[in-house]
Structure formats: structure tokens, C-alpha cells
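Data first, discussion second: the structure below is written as C-alpha cells.
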Amino acid sequence: MTRDPPPAILAEGLGKRFGPVRAVSGLTLTIVRGEIVALLGPDGAGKTTTLRMLCGALAPSEGRIVIDGIDLAADPEGVRARIGYMPQRFSLYGDLTVAENLEFYADLYEVPPGVRAERGERLLEFSGLGRFRGRMAEHLSGGMKQKLALACTLIHEPAVLLLDEPTAGVDPVSRREFWRILYELNRRGVTILVSTTYMDEADRCATVGLISDGELISTQDPQVMKQRMEAAVVELVASPRAVVRRILRAAPEVLSQSVVGDRFRVIVADADSAIRALSRRLGEQGATLVEARRVPPTLEDVFVSMILEPSEGRAEVLGYDVVRDPERIKERIGYMSQRFSLYHDLTVAENLAFYAGIYGLSGAEARDRAEEWIALAGLRGREDLLAGALSGGWKQRLAFGCAVLHRPEMVFLDEPTSGVDPMSRRQFWDLIDEFAQSGVTVMVTTHYMDEAEHCDTLAFIYAGRIIALGTPEEIKTGRMSGDLLEITTPQYALALDVLAARPEVREAALFGRAIHVTVPDGASAMPGLLAALAGHGIAVERIEPVRPSLEDAFVSIVERDHRARPDDESPPAT
């Protein structure tokens with residue numbers, strides 16, 4: 001009788017305490033070989049602690065870890081030889097080239113000299129970094145740095161890969177390329193456990209583990225999670241927005257609400273009764289309801305429910321020239337940088353008081369503004385906590401408050417939610433929407449396509465150029481080059497390779513267990529695609545045109561721009 005191989009990852013009763021604080025408690029997880037599993041949870045949930053314990057970088061307080069059949073406690077070196085761990089801040093050396101970084105990690109992992117050169121070349125080509133082998137790592141884009149970090153992690157050919165939020169702050173094109181690499185690794189037999197705050201990335205995984213307060217509360221196929229979600233999701237089209245938001249916040253049947261484009265998305269216990277109640281409330285309080293309907297939940301719904309001087313050109317902000325009048329501009333704007341300019345050794349209240357002083361506020365006015373923000377941002381009770389002790393979501397709200405205490409006419413937010421969990425992102429966008437409704441102009445940079453849907457106007461930037469400008473709807477419907485087809489097949493990995501090689505296919509990408517294909521004309525392309533798949537023995541369950549997402553539009557526009565500028569090697573950005 002043949003015995004089943006041991007799981008790639010086995011954690012039993014895993015726990016970790018830091019003094020009186022329990023970061024992880026009773027975590028039990030089994031991951032079979034060849035799976036891609038996402039670990040999803042809010043800031044401070046225990047994701048990073050769990051991964052650090054699994055790789056042996058952090059000793060657990062209790063529990064047992066077995067990797068690829070080897071007990072971590074009994075043979076830590078044996079386990080380390082079988083795993084690759086890529087932390088959030090992977091230590092690339094900026095003063096070394098791409099190739100030299102790979103050589104350094106080959107030394108670190110004691111890769112034999114006879115195989116390291118061939119292995120390094122294979123990883124460079126595999127990751128698309130071959131032509132950049134001589135470039136200093138500090139001069140790489142964010143996406144390219146992540147690919148290099150992954151290549152360094154793979155230099156010793158691990159059987160198990162642990163990735164801690166590997167694509168946080170990376171643009172959509174680079175994210176898609178990164179995941180294409182992960183799928184190829186998985187097809188070669190590598191087991192992958194990845195923590196992420198991107199809902200679309202979790203949707204791409206065979207299994208998603210939801211972790212909250214250090215406890216693993218659910219481990220399921222993401223599609224099953226959506227099907228079993230007890231609450232319902234209702235979309236409303238209603239106006240005026242400010243009135244509708246006030247009504248929804250006060251409505252007892254609404255468990256959660258957010259704005260997505262021109263629609264309100266609310267989570268309720270029962271869709272039919274909620275639609276009736278909300279229709280009545282909106283009408284009674286002077287709002288106009290255009291449409292109300294139940295919609296399928298997204299993974300996010302599930303999760304929620306359980307300044308440089310220019311080298312050329314000119315620019316004005318609020319009527320002032322950015323070169324001639326920078327001080328006048330600074331007096332009238334708020335700016336929140338990516339790194340949240342907080343003083344970690346000051347408390348929440350002290351940070352607010354410090355920035356109030358910078359803006360010339362003092363006495364009662366400064367105290368009133370700080371109190372106003374503490375109440376608005378939900379920071380009540382955290383005034384005396386050190387900023388450095390706050391989770392990412394709370395730091396984000398505090399940093400926003402420090403940027404707007406002087407009540408600016410315009411606010412610039414530079415990737416304010418990068419690496420922040422979905423619940424915190426949604427709450428932060430509620431704050432942004434309140435500011436916009438009060439008349440403040442808000443300009444946001446983001447890599448999150450679902451955040452771009454919140455905006456009135458959207459600009460796509462690639463290689464330092466705006467390549468598309470318009471409302472999200474205009475970009476999705478009017479700027480997409482060609483048609484988008486969705487193809488569902490159980491052999492999606494093989495099908496992706498077949499489709500990507502077809503001459504009529506401009507772009508092919510995995511979306512969960514389906515493939516999105518961009519072609520010049522959907523109707524004429526379908527027969528050829530079906531024939532090509534059939535020729536490789538691939539059964540197609542469904543092929544149909546679908547409405548493009550913003551990410552589909554972004555990738556299509558970038559691909560079109562790249563074809564027009566084939567010599568442009570600049571990395572993309574949004």
C-alpha cells in the first residue's frame with residue numbers, strides 16, 4: 001500500500017507570545033504539496049509572525065511545525081534547506097548589480113559553484129531580469145526589485161516558498177508578472193504560502209486562510225467562502241451622495257457600507273427586507289433611489305463581514321505656479337507621504353500637537369482641531385499611545401489627520417493605503433469621501449484598482465507619461481483596446497500557455513480559475529481559440545465576452561503604448 005506524501009506545511013497548535021501579548025494562538029494549518037495558499041488578515045492579525053515561525057526565524061511559544069516531512073524543532077537546518085522565505089523588506093544590496101545580488105545569495109545558501117552560474121542565468125531569464133543583470137539594484141523599479149528578491153529566494157531551489165506581502169506597493173502590470181512567475185513555480189511543484197492584502201491576489205489562490213487576532217478562523221476555497229457568506233450584498237444607485245451616506249450610516253439594517261464609483265455597496269443580513277426598508281428611508285428623507293439590487297459578494301465583502309521641482313513644463317496648484325509660488329501652495333495643501341511622516345516616540349496627541357504648531361495653530365484652536373480629528377478618525381482612547389505602537393491602519397489615520405489639521409483646500413495622498421488591510425482601507429476611503437464632500441479636492445496615487453473606482457477622475461501613468469485620462473467608466477468602456485474574453489477550463493495553467501502563444505491574443509492572464517484574454521475582435525477570435533485549445537486536449541467549460549475591469553483596461557492600454565514605443569524599457573507606474 002502506497003502512503004500519501006507528507007504535507008508541505010503542517011502547523012499544529014501554533015502560538016506565539018510577546019510578553020503579555022498573544023500574537024498567534026492555537027493556529028493549526030495543513031497545506032498539501034503543490035498548493036498556492038493565501039494568508040489574509042488585518043494589520044496586527046499575526047500573518048508575519050506566523051510566516052516567521054514557519055521559516056524558523058522566530059521560535060514559537062507552543063505548537064509544532066513540520067515542513068516537507070521534517071520537524072522544524074528537531075532539524076532546523078534541514079527545514080531551512082527546503083524553504084525560501086521572502087519577508088516584506090527583503091535585503092537586496094543597492095550597491096550590487098542584479099547578478100551580484102544573486103551571487104551573494106548563492107554564497108549565503110552554499111549553492112555549489114558548479115551549478116550556481118547556470119541556475120542564476122535561468123532565474124534571471126525566468127524572472128525577466130536577464131537584460132538588467134548589470135543594473136545596480138538601487139536603480140530598479142519596485143516591481144523589478146520584488147522579482148530580484150524572489151530570484152534570490154529561489155537560488156537554492158526550495159520546495160516550499162513563504163512570501164510576506166510580496167507585491168505591496170507594486171503596480172498592476174508588475175503584480176501580474178509576479179503572479180505569472182508564481183504560477184509557473186507552482187506548476188513545477190513548488191508549494192507557496194503568501195500573505196497579502198490584495199483581494200484579487202487572494203482570489204487567485206486555491207485556498208485562503210483568514211486570520212484575525214492571531215487565530216485562523218477559516219481556511220477554504222475563496223469561491224466557497226463567497227457562496228457560504230451568510231450576509232448579503234446590495235448595490236444602490238441614489239443621490240445626493242452626502243444625504244444617502246448619512247442615511248445608510250444610521251440605518252440599523254446596514255452592517256457595512258462603502259462607495260464604489262457611482263454606487264453604494266452595503267452589506268446587510270437579508271437583501272429583500274433591507275431593500276424595502278432602505279427604499280422607504282431614502283424616500284422619506286429626501287433622497288432619490290434609482291436602483292437597488294442584490295449582487296454577488298466579493299472576497300473583500302467576505303473579509304469585511306467575518307513635492308519635486310519640474311525639469312520642464314509648468315504646473316499650477318490652486319492657481320499658483322509650483323516653481324514661483326511654492327510657499328503659497330504649501331500653506332493651502334495637505335500632503336501625506338507613502339512613509340507616513342509620524343514621530344514614533346511621540347503619542348497620538350503629541351503628534352497632532354506637533355503638526356498643529358507647524359501649521360501655526362496654537363491654544364484652543366489647536367486642541368479643538370486635534371479633538372475634532374480624533375473623533376472623526378475613531379482615535380478616541382488611543383490619544384496616549386505611542387505612534388510607533390499603532391498598527392498600519394491606525395498610523396494611516398493619524399498621518400492623514402496630521403496632514404489636514406490646517407484645513408487645506410487640497411490634499412495630496414501618496415499611496416496612503418499600501419500594505420494596509422481591506423477593512424482599514426475601506427474606512428480610510430470613507431474619510432477621503434467625507435473630505436471630498438466638504439469641498440476639499442483630493443488627489444491620490446494608488447496601485448489598487450478598486451480604490452481607483454472611488455475616484456471621479458482617473459489618470460493612468462506609464463513610464464512617466466499619462467496614457468489615459470477620464471472617469472473609471474470612460475476608461476473601461478472607451479479606452480480598452482479590443483475585446484475581453486473570459487475562458488473557464490479546469491486545465492487553466494496549460495490553457496494559459498496555449499492562449500498566450502496565439503497571434504491574435506494581445507494579453508492573457510489568470511483570474512482565479514478563469515483566463516482573461518484580450519483580442520482585437522471577440523466574435524471572430526473565439527473559433528480559433530477553441531480550436532487551439534481542443535488541439536491540446538483542453539476542455540473548455542465556458543467562453544464569453546466580459547466587461548473589462550480597470551486592471552484589464554490598464555494592462556491593455558500599457559500593452560498598446562508599449563507596442564507603439566518598443567524601445568522604451570522604463571518600468572510602469574500608476
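Structure notes:
- Candidate set from region 327-349 (those that are over 13 Å from residue 404 (Cα atoms) and over 31 Å from the mean Cα position of the chain (by Cα)); member that is modelled with the lowest pLDDT: 327
- Every pair of residues 6+ apart whose Cβ atoms lie under 6 Å, when the first sits in region 87-99 and is crowded, with 18+ Cβ neighbours inside 10 Å while the second is of a type in the set (A, V, I, L, M) and part of a loop (DSSP other than H, G, I, E, B): 98/129
- On inspection, residue 277 passes the criterion of being farther than 25 Å from residue 513 by Cβ and modelled with pLDDT of 85 or more.
- In this structure, residue 264 does not qualify as modelled with pLDDT under 90, surrounded by 13 or more Cβ atoms within 10 Å (Cβ to Cβ) and among the hydrophobic types (A, V, I, L, M, F, W, C).
- Residue within region 41-50 that is more than 21 Å from the chain's Cα centre (by Cα), of a type in the set (A, V, I, L, M) and closer than 28 Å to residue 393 by Cβ present: no
- Scan of region 182-237 for residues that are small (Gly, Ala, Ser), assigned to a loop (DSSP other than H, G, I, E, B) and under 13 Å from residue 302 (Cα atoms), ordered by number: 231
- Condition met for residue 149 (loosely packed, with under 15 Cβ neighbours inside 10 Å and assigned to a helix (DSSP H, G or I)): no
- Region 486-527, residues that are part of a strand (DSSP E or B) and within 24 Å of the chain's Cα centre (by Cα): 486, 507, 508, 509, 510, 511, 514, 515, 516, 517, 518
- Members of region 391-413 that are more than 16 Å from residue 356 (Cβ to Cβ), modelled with pLDDT of 90 or more and more than 18 Å from the chain's Cα centre (by Cα): 409, 410, 411, 412
The values are calculated or read from the model by the stated rules, or taken from the named source; none is laboratory data. Predicted model only: the values in this text are computed from it and were never measured. As a convention, Cβ positions derive from the backbone with ideal geometry for all residues, glycine included, and neighbour counts pool all protein chains shown.
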